[in-house]
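This report refers to the structure that appears directly beneath it.
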Amino acid sequence: MMKFVEKLLAVHPYRLTLQFNTGEIRVTDLEPMLRAKGASAQSAYGRLLEPATFCRARLDPESRTVCWDGLAREIATDGTEQPAPLDTAQIKKAVSHGIPHLRTH
């Protein structure tokens, strides 16, 4: 069975309490990864170090990932750059590329 986030139960600075479709509940601590990636306060990861920004996390019902609106950029079909949500899939990708600090409890 593929595991995906079913509910975002709680958001505290740098920690997410997630319920998965298996019924499992886990607390994910993103602080070490954010500190490693957020050297620039202007980067999306640096902006997530602001508690108020981090606490705007939401669950995207389509992708079933946690995301933060407007922190990433994407190129639209007409070639213009526009704001896009930064999601946990992007964070997992960053972790898998040499930042092994994503912890779940």
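Annotations for the structure displayed:
- Amide H contacts of Leu30 (H built 1.01 Å from N, under 5 Å, at least 5 apart or other chain): Arg15, Leu16
- FRET efficiency, 1/(1 + (r/R0)^6) with R0 30 Å, evaluated for Asn21 and Ala52 via beta carbons: 0.50
- Listing Tyr14, Tyr45 from fewest to most neighbouring C-beta atoms within 10 Å gives Tyr14, Tyr45.
- Remark: the Ser43-His12 segment gains 9.1 nm on full extension, using 0.36 nm per residue and subtracting the alpha carbon distance.
Every number here is computed from the coordinates shown, using simple stated rules; none is lab data. No experiment lies behind these values; they were computed from the predicted model shown. Here Cβ is always computed from backbone atoms with ideal geometry, including for glycine, and neighbour counts include all displayed protein chains.
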